[in-house]
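Visitor: Can you read through this structure? Questions will come right after.
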């Protein structure tokens, strides 16, 4: 069973963000992906943006462990201020899966 952690970042540069903001957030995703490749609690599966948000997608066997691994790195990133996490415990297709929202600010 794959758990999911989504990090949802409000965009400051309009519905699609500014080019600089998007480039910076993509670089954050690259750093997080590199970290997880060596750390072992999960993987970075990509991102999407639009409608005022930028979303990072992470997958692994334990959403809590995965979030605990990436949280310190996220807090150190000024571009993710005001973000929140969605931790999903189970497959997205499972109607019994549980999801919780974790609000936090960077820094």
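Visitor: Can you name the residue in the stretch 24-41 that is modelled with pLDDT under 95 and in contact with a helix residue (DSSP H, G or I) (Cβ under 8 Å, 6 or more places away or on another chain) and, of all such residues, is farthest from residue 98 (Cα to Cα)?
Guide: 39
Visitor: Is one or more of the residues making up the stretch 70-78 in contact (Cβ under 8 Å) with a residue 24 or more places away in the chain, assigned to a loop (DSSP other than H, G, I, E, B), touching a helix residue (DSSP H, G or I) at 6+ places or on another chain (Cβ under 7 Å) and surrounded by 16 or more Cβ atoms within 10 Å (Cβ to Cβ)?
Guide: Just the residues of the stretch 70-78 that are in contact (Cβ under 8 Å) with a residue 24 or more places away in the chain, to begin with: 70-71, 73-78.
Now restrict to residues that are assigned to a loop (DSSP other than H, G, I, E, B): 76-77.
Applying the additional criterion that residues be touching a helix residue (DSSP H, G or I) at 6+ places or on another chain (Cβ under 7 Å) yields 77.
Checking which are surrounded by 16 or more Cβ atoms within 10 Å (Cβ to Cβ) leaves us with 77.
Looking for residues that are in contact (Cβ under 8 Å) with a residue 24 or more places away in the chain, assigned to a loop (DSSP other than H, G, I, E, B), touching a helix residue (DSSP H, G or I) at 6+ places or on another chain (Cβ under 7 Å) and surrounded by 16 or more Cβ atoms within 10 Å (Cβ to Cβ), one finds at least one in the stretch 70-78, hence yes.
Visitor: For residue 82, state whether it is surrounded by fewer than 14 Cβ atoms within 10 Å (Cβ to Cβ), part of a loop (DSSP other than H, G, I, E, B), at pLDDT below 95 and touching a helix residue (DSSP H, G or I) at 6+ places or on another chain (Cβ under 9 Å).
Guide: Values: surrounded by fewer than 14 Cβ atoms within 10 Å (Cβ to Cβ): yes; part of a loop (DSSP other than H, G, I, E, B): yes; at pLDDT below 95: yes; touching a helix residue (DSSP H, G or I) at 6+ places or on another chain (Cβ under 9 Å): no.
So residue 82 does not fit the description; no.
Visitor: Something else: Might you let me know whether the stretch 41-54 holds any residue that is on the phi > 0 side of the Ramachandran plot and within 10 Å of the chain's Cα centre (by Cα)?
Guide: yes
The values are calculated or read from the model by the stated rules, or taken from the named source; none is laboratory data. Only a predicted model underlies this, so the values are computations on that prediction, with no experimental measurement involved. Ideal geometry is used to build each Cβ from the backbone, glycine not excepted, and the neighbour counts take in all protein chains shown.
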